[in-house]
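Only one structure is covered here, and it is reproduced in the block below.
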Amino acid sequence: MSDRTTAQQRPTRQRLALMESLANCHDFVSAQDLHARMTDDGAHIGLTTVYRALRDLEAAGAVDVAQAGAGERLYRWRPTEGHRHYLICRACGISRPVDSEVVEEWAARIASACGFAAVEHTVELTGVCAGCQPTTDEGELPTWPRDFGQETPRHRTHNCAS
């Protein structure tokens, strides 16, 4: 984990604990789920502090952000510099980075053709991973996100190390 901080971020004990906890999550996680995991592990941190720290980390480019189906923001520590795109399972939330050079080139080409600068974009790819696809007797495809406090599909729980 690199030290990506901004002037707005004081390197407090809580922020450092949050950064470590988030870096141990290998998939996207909600602020509330991250807060619950941290307090379960004995950290003394308020939910408002978690939201504020995540907002600051996003501004510093240290996290990737995805929107869940209900509009909830989900966060993942960005292991490298630069913008990334992910394919996210709608059933369990597992995420995989995808090669997105074509998207980046397309966005740059559109921006240039339209005379825009400093263009930002959001591309969200979702599907249902092999582990969540129903068997013939299970019926419909599951949807995500379920309440993070409830049990996730049979093949995994949310991928964060404690």
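The values are calculated or read from the model by the stated rules, or taken from the named source; none is laboratory data. Remember, it's a predicted structure, so these values are computed and weren't measured experimentally. Ligands, DNA and RNA are excluded from the accessible area calculation, which covers all protein heavy atoms including side chains. Shrake-Rupley method; radii C 1.70, N 1.55, O 1.52, S 1.80 Å.
Side notes on the structure shown:
- With all protein chains kept in place, the per residue accessible area of the range 31-122 amounts to 57 square angstrom at a probe of 1.4 angstrom.
- Sequence-ordered 3J(HN,Hα) estimates for the range 24-32 from the Karplus curve with 6.51, -1.76 and 1.60 and θ = phi - 60° stand at 7, 8, 8, 10, 5, 9, 7, 4, 5 Hz, glycine and proline given as x.
- Using θ = phi - 60° in the Karplus curve 6.51 cos²θ - 1.76 cosθ + 1.60, the 3J(HN,Hα) couplings for the range 62-70 round to 8, 10, 9, 10, 10, 9, 7, x, 8 Hz; x is entered for Gly and Pro.
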